[in-house]
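The values are calculated or read from the model by the stated rules, or taken from the named source; none is laboratory data. Values in this document were obtained by computation on a predicted structure and should not be read as measured data. Note that each Cβ is placed from the backbone with ideal geometry, even for glycine, and that neighbours are counted across all protein chains shown. The area values use the complete protein model at the heavy-atom level, side chains included, leaving out ligands, DNA and RNA. Shrake-Rupley method; radii C 1.70, N 1.55, O 1.52, S 1.80 Å.
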Amino acid sequence: MRALWGVDSAVKVDEKLYNCVTSKYGKPKFWGRYLTRKEGVNDGLSKEELLFLHIRGIRIIPIYNDFSSAVGYRSGQVAARNAIFHASRLKFPKDTVVFANIENFFEVNDSWISAWVDVFFESGYLPGFYHDPLKGDFNKAYCAAVKNNARVKKYSILWSAEPREEASNEIDAPLFQPKKPSCVANVLGWQYGREAQGCPIETNLILFKLYQLLW
């Protein structure tokens, strides 16, 4: 299945990074960026950066990772409310999907996932999960949440980090074949390429349905 090609980065997008990506890989149709700064991990998205990308016709995947636990309903509520606050602060329109980055959390439970979805359901934004379906607890936790909470099955949008292949340009990108959870899951994104040569980015494929939910 063919999909749209783009990138994500932990560092802010400026002229230097943009030129690096477009000269070595081509112009991305979307760019994943973090809503807030996390010390020693990533830069936070700014309104100036948003404008820089939008002027060039590039949509943004908003990612939120400023939380230290992916366990417990209360913890999930707090993370979701903070993510929604920052999406609103940056003027992301409603019906935009916002991804919780829980790829590196080996300990994840269904209560946290349910809380993220429940809070987003009331907000007008859409709940997403950037995750690893093969490592850690995500698969088990997500499928439990799907079983116990109908909203999780109906509204969650997943962005998979597996399998990992070489970063590439659009022409050389693989077919859209991300690994998925073992239960029903709406997997619309795939970060297939890590450690891109020459530019601090990862390369991704998303289906058009997800592209329509970006800004």
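Data table
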{"item": "Failed condition for residue 103, given (1) under 14 Å from the mean Cα position of the chain (by Cα); (2) farther than 23 Å from residue 4 by Cβ; (3) in a loop (DSSP other than H, G, I, E, B)", "result": "(2)"}
{"item": "Flag for residue 21 being open to solvent by less than 20 Å² (accessible area, probe 1.4 Å), in a helix (DSSP H, G or I) and among the β-branched types (Val, Ile, Thr)", "result": "yes"}
{"item": "Out of 119, 152, 146, 187, sole residue that is in contact with a Leu (Cβ under 8 Å, 6 or more places away or on another chain) and among the β-branched types (Val, Ile, Thr)", "result": "187"}
{"item": "Check on residue 121, assigned to a helix (DSSP H, G or I), within 24 Å of residue 67 (Cβ to Cβ) and either open to solvent by 40 Å² or more (accessible area, probe 1.4 Å) or among the aromatic types (Phe, Trp, Tyr) (or both)", "result": "yes"}
{"item": "Sole exception among (1) of a type outside the set (A, V, I, L, M); (2) surrounded by fewer than 16 Cβ atoms within 10 Å (Cβ to Cβ); (3) more than 17 Å from the chain's Cα centre (by Cα) for residue 77, by number", "result": "(2)"}
{"item": "Positions within the range 151-166 being of a type in the set (Lys, Arg) and closer than 12 Å to residue 121 by Cα, in sequence order", "result": "151, 154"}
{"item": "Condition check for residue 213: surrounded by fewer than 22 Cβ atoms within 10 Å (Cβ to Cβ), aliphatic (A, V, I, L, M), under 17 Å from residue 30 (Cβ atoms) and out of contact with any Phe, Trp or Tyr (no Cβ under 9 Å at 6 or more places or on another chain)", "result": "yes"}
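Conditions (1) part of a helix (DSSP H, G or I); (2) in contact (Cβ under 8 Å) with a residue 40 or more places away in the chain, marked per residue:
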position	(1), (2)
27	no, no
32	no, yes
44	no, no
50	yes, yes
74	yes, yes
87	yes, yes
99	no, yes
